[in-house]
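Bear in mind these aren't lab numbers, they're just calculated from the coordinates by the rules spelled out. Quick caveat: nothing in here was measured; it's all calculated off a predicted structure. Using ideal geometry, Cβ is built from the backbone for each residue, glycine included, and neighbour counts are taken over all protein chains shown.
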Amino acid sequence: MQWAVKVDMALPRPIRVILRGVGQVFFCGNAVTGLVFLVALYIGGITAGLAATVGVVTSTVTAYLLGFSEDDIDAGLYGFNGTLVGPCLFLFLENTPLLWVYVVFASILSSVVLAALIRILTPYKIPASTSPFVLTCWMFMVAIYSFDSLSPSAVLPPPGVPEAIASTDLPVTAWLASMTDETAELWYVALTKGVAEVMFADNVLVGILFLTGIAITSWRGAFMALCGTFVGVLVPVLLGAGQSLIEMGLYAFNPVLTMMAIGWVFLKPSAGTAVLALLAGILTVICQAGLANFLAPIGLPTLTFPFVLTMWMFLFAASVSKHWSSE
């Protein structure tokens, strides 16, 4: 939307860069969209909002101080990994005053990791995306077992072999065929939370605001995000995944990012790339289930790595295909 672009350019540069960094979590390099996202995070929880703010400011300032690409910094590319690092560590680790210092260190490192991955991946025209966030948070989560002053929260899964899905979950037929008010509400909650969980927000309103913010930048981007969360609900239902995980949107946030990346951002928007994005979204669900079981013995969450891995595979495949061309 043109008005959003004008507002973005009218903002003072430091504010514009920081807000663009928040917006880039959903590939939206616009300060207005970033502001909507940040407000939504504060609505979801003050601590999450503050952690995201500390993360995006720290990672962006780090990039400036280390002399990384000015164009990348101005686009907000050194801010979105830090934006994710803050809420992530506060979700999976015990909330203590020392954790704020931990978040600052992790945010600094995320910018360094991003710069290194940009150097490695640029010759292949493949984006690092949220991989620095994933690698940094995994490292910091595992490291706490060596420190007495930091502890995991109840949300961080304990190490162990994954168990089979409990048979008490709602049958697939009840989700697909029974359209009672309660079932319709379950679908609504699952779809909206699927978008919100990209930034670890378990809140319906946050998901709606995220979709609104994306639409401010691009209607196609918002449509791809909506399709991604639908895939992240429907496919796990059809495959018989756990109902509680589906309702919380935990199968949907990775397909949201995958379908936006393939169907809007990194390949030329067309009907063909929309179909390719759908296939990528479905594969992301499978990839997430596999990675969740793979990481369970060491007690690590998948975070957005299913999205990163699937996106990399499809972009590498697109680069050698005569039918799909990247921008």
State the answer as a single residue: which of LEU239, LEU114, GLY160 lies farthest towards the positive end of the charge dipole of the chain, with beta carbon charges of +1 for Lys and Arg and -1 for Asp and Glu, about the Cα centre. LEU114
Can you give the Kirkwood hydrodynamic radius for the range 1-130, in Å, rounded to one decimal and based on Cα pairs? 14.6
The range 231-327, relative contact order [Cα under 8 Å, separation at least 6], %: 29
State the answer as a single residue: which of LEU50, VAL17, SER321 lies farthest towards the positive end of the charge dipole of the chain, with beta carbon charges of +1 for Lys and Arg and -1 for Asp and Glu, about the Cα centre. SER321
Student exercise, the range 185-327 dipole from Lys, Arg, Asp, Glu Cβ charges, in Debye to nearest 20: 400
About the Cα centre of the chain, what is the dipole size in debye to 20, counting +1 per Lys and Arg Cβ and -1 per Asp and Glu Cβ, all else neutral? 940
Whole-angstrom gap from the range 1-62 to the range 232-300, using each part's C-alpha centre: 25
Contact order normalised by length for the chain, with contacts defined as Cα pairs under 8 Å and 6 or more residues apart; what percent is it? 16
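With contacts defined as alpha carbon pairs under 8 Å and 6 or more residues apart, what's the relative contact order of the range 80-147 in percent?
Dividing the mean separation by the residue count of the range 80-147 yields 42 percent.
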Would you count, across the chain, every pair of lysines whose alpha carbons are under 30 angstrom apart, provided the pair is eight or more residues apart or spans two chains? 6
Once you have a ≥ b ≥ c as the square roots of the Cα gyration tensor eigenvalues for the chain, tell me rounded if a/c is under 1.5, and otherwise prolate or oblate according to whether a/b is larger than b/c. rounded
Among VAL101, VAL61, GLY228, which residue has its Cα furthest toward the positive end of the charge dipole of the chain, with +1 on Lys/Arg Cβ and -1 on Asp/Glu Cβ? VAL61
